[in-house]
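Inspection log for the structure reproduced underneath, given as structure tokens.
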Amino acid sequence: MQQTILKTINDLNKWKKNIENINFVPTMGNLHKGHLELIQQSYKDGSNETLVSIFINPLQFNDKKDFKNYPKTIGKDIKLAFSSGANAIFLPSENEILNIKSLIYQKACKKLSSNLCGKSREGHFDGVCTIVLRMLKIINPKKIFLGEKDWQQLIILKNMIKELNLKVEVKSITTQRDADGVPYSSRNNLLTTSERKDLQFFSEELKKAKKSFTVNKAINLKEINKSFETKNLKIEYLQHLSAFSLNESIDKENITILAGAMLCGSTRLIDHVFLMKRKPIIAIDGPAGSGKSTVTKLIAKKLDFIYLDTGAMYRALSWFLIDQKINYKNVNILQECLKELNIVFKTNLNSDQDIFINNICVTDKIRSQKISSIVSSFASISKVREFLVKEQRKIGDKGGLVAEGRDIGTTVFPKAEIKIYLTASIYERAKRRKIELEQQGQEINFNKLKDQIKQRDLDDSTRNISPLVKAEDAIEIITDNHTADQIADKIIQIFYEKLPKEIKNDF
Ligand code: PAF
């Protein structure tokens, strides 16, 4: 494998001419096992070439002494980067990167940088964003590899990439730790033995807090701080925040982060743990025929998650009300009937799910054309929705669930970790539905089917209660010309890319 050192942008541009796609690993040098893991992951990622940059960015140091003391080990770094799989190393001078008239000073998102390190390191994240944006513009990589140890940096950079609509995929790796549990950091080399012990204590306390959180679901910052005081640790901050919005209203997200910074002598170090009240939830909404059911089932199977088909619950209830001739228009009668209702899913011998309503198996009954044409009107009855949303939340109580419907991300599980809005053209959806009906021995005119689908969309999206709308934070995926497997894999990739890798062991 050819190993190239690029010292100027000119060198880089010449090298790029023969390269199709670049995986970019930005660093400030003094490479440790965390960096090497990033380089190795990039190398393993496929056919892209791995470019590692080593550039100590003066813009992200709010403390001049910290900048001056930042460890420099270029010779060793070059050897380590190449032996971990780098194809080229970019070693630009400060002049080349910063001394240009057109340098864009990129501000970090204010909301994401107002807590944690952003609080005490003024301008730090603006400096990081400025330099990473500059590098992305020069390099134009397909993927950028970043460590989750700097979680706030990762969230801020992901946000910048999204806001500026940059075409680069962000890949992250979990915090890499030494045998004593301390996360690898370039600044660890500056610690004395006793400072290292302090840092170890700090990391252990965070781990202990995580353990107790799994039992009582609460974090007592005062108590943790007290344990630091007994050891005379200099804590810069200790915060418990929502993991993605990084704000203090920790009830807004299921996954939270307990993160702190401490001063070991004059060296500042950070660590964190992630906490989860329940396992993650994937919410999949979208119109009929978008491929939701097949895709959701596949995801459930691949992740070993509970599969929740909320549409089937509305269909089952509609079937029941008609079959039992319940006078559902009378609110009192309907309410009495709902009190006695019991809807359960059970896995059958074919590993598919059957749905039972008051012990009657209605799996096939609810798929008739008749139920398809009336379910939307039943689903717009507020008492029906109230009842079923409650039931659905009960099923999702512990998470580890992938749910499909029309209001999962907006109403049923608004705190779902991943929200997907699946859709497809009317033509594609009608085509799929026709095949499905034919398999059940039902014949239907294609144009009539298209009209039915259009009408169903209109009914679902204009009803007063929980209309079919894309949640603000949902990712839209159009399923035309893709197999269900491809879409399921794409959603699983989105899921894993959003979640901190270290919580994977927690579910
Ligand atoms: O994480 C770092 O080492 C730096 O902040 C980065 C991303 C290389 C930007 O200078």
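The values are calculated or read from the model by the stated rules, or taken from the named source; none is laboratory data. Just so it is clear, the structure is predicted and the values come from calculations on it, not from any experiment. FYI the Cβ positions are ideal-geometry reconstructions off the backbone, even for glycines, and counts take in every protein chain you see. Remember, those area values only see protein heavy atoms, side chains included, never the ligands or the DNA or RNA. Shrake-Rupley method; radii C 1.70, N 1.55, O 1.52, S 1.80 Å.
Points to keep in mind about this one:
- Region 313-472: C-alpha gyration tensor shape, a/c 1.5 cut-off, then a/b vs b/c: rounded
- Charge-dipole axis of the chain as Lys and Arg at +1 and Asp and Glu at -1 on Cβ define it, positive-most pick from Leu241, Leu146, Gly127: Gly127
- Under Karplus coefficients 6.51, -1.76 and 1.60, residue-wise ³J(HN,Hα) of region 148-163 in Hz, glycine/proline x: 7, 4, 8, 4, 5, 4, 4, 5, 5, 5, 4, 5, 4, 4, 5, 4
- Karplus-derived 3J(HN,Hα), 6.51/-1.76/1.60, for each residue of region 429-434, Hz, glycine and proline x: 5, 5, 4, 4, 5, 4
- Pair Lys167, Ile322: separation of 7 Å Cα→Cβ label points (nm): 4.9 nm
- Proximal aspartates and glutamates to Lys171, defined as alpha-carbon separation beneath 19 angstrom and excluding residues fewer than eight positions away on the same chain: Glu20, Glu37, Asp45, Glu49, Glu148, Asp150, Glu163, Glu417, Asp489, Glu497, Glu502
- For the chain, share of DSSP beta bridges that run antiparallel, in % to the nearest 5: 40 percent
- Volume of the Cα convex hull of the chain, divided per residue and given in Å³: 184 Å³
- Highest average packing first - 328-334, 405-411, Cβ atoms within 10 Å: 405-411, 328-334
- Length released on extending from Lys302 to Thr193, taking residue separation times 0.36 nm less the Cα-Cα span: 34.6 nm
- Among the listed pairs Lys158/Lys252; Lys65/Lys119; Lys33/Lys119, those whose Cα-Cα separation exceeds 25 Å are Lys33/Lys119.
- Two-site FRET efficiency, Asp178 against Glu476, from Cβ-Cβ distance with R₀ of 45 Å, rounded to 0.05: 0.60
- Alpha carbon centroid spacing (whole Å) that separates region 348-403 from region 176-208: 51 Å
- Of Lys111/Lys279; Lys277/Lys470; Lys76/Lys498; Lys434/Lys490; Lys143/Lys210, pairs whose Cα-Cα distance is over 28 Å: Lys76/Lys498; Lys143/Lys210
- Hypothetical label at Lys390: residues of region 311-343 whose amide nitrogen lies under 15 Å (7 Å Cα-Cβ projection): 332-343
- Site pair Lys448 and Ile74 shows an inter-label distance of 7.8 nm when each label is modelled 7 Å from Cα along Cα→Cβ.
- Projected label distance in nm at Asn330 and Asn464, using a 7 Å step from Cα toward the beta-carbon: 2.2 nm
- When you restrict to C-alpha pairs under 8 Å that are six or more residues apart and normalise by the size of region 33-106, the relative contact order lands at 45 percent.
- Remark on Asn21: its backbone amide H falls under 5 Å from those of Glu49, a criterion applied only to residues 5 or more positions apart or on other chains, H modelled at 1.01 Å from N.
- Full extension of the chain segment joining Cys361 with Gln440 gains 26.7 nm, where the gain is 0.36 nm per residue of separation less the Cα-Cα distance.
- Percent of Cα-Cα distances greater than 14 Å, calculated over region 338-395: 65 percent
- The angle between the Cα long axis of helix 292-303 and the longest principal axis of the Cα atoms of the chain comes to about 50 degrees, rounded to the nearest 10.
- Fraction of accessible area attributable to carbon and sulfur, the chain (%, probe 1.4 Å): 49 percent
- Estimated vicinal HN-Hα couplings, Hz - region 61-75 in sequence order (Karplus 6.51, -1.76, 1.60; Gly, Pro = x): 9, 8, 10, 4, 5, 4, 5, 5, 7, 4, x, 10, 9, 3, x
- Taking every C-alpha pair closer than 8 Å and separated by at least 6 residues, the mean separation divided by the residue count of region 233-283 gives a relative contact order of 33 percent.
- The chain, relative contact order [Cα under 8 Å, separation at least 6], %: 13 percent
- Gyration tensor (alpha-carbon) shape descriptor, region 133-258, a/c threshold 1.5: oblate
- Evaluated at q = 0.14 Å⁻¹, a Debye calculation over the C-alpha positions of region 73-183 (equal weights, vacuum) places log10 I(q)/I(0) at -0.71.
- Accessible solvent surface per residue of the chain, calculated while the other protein chains remain in place, 1.4 angstrom probe, Å²: 49 Å²
- Potential lengthening between Ser227 and Val215 on full extension [0.36 nm per residue; Cα-Cα distance subtracted]: 2.4 nm
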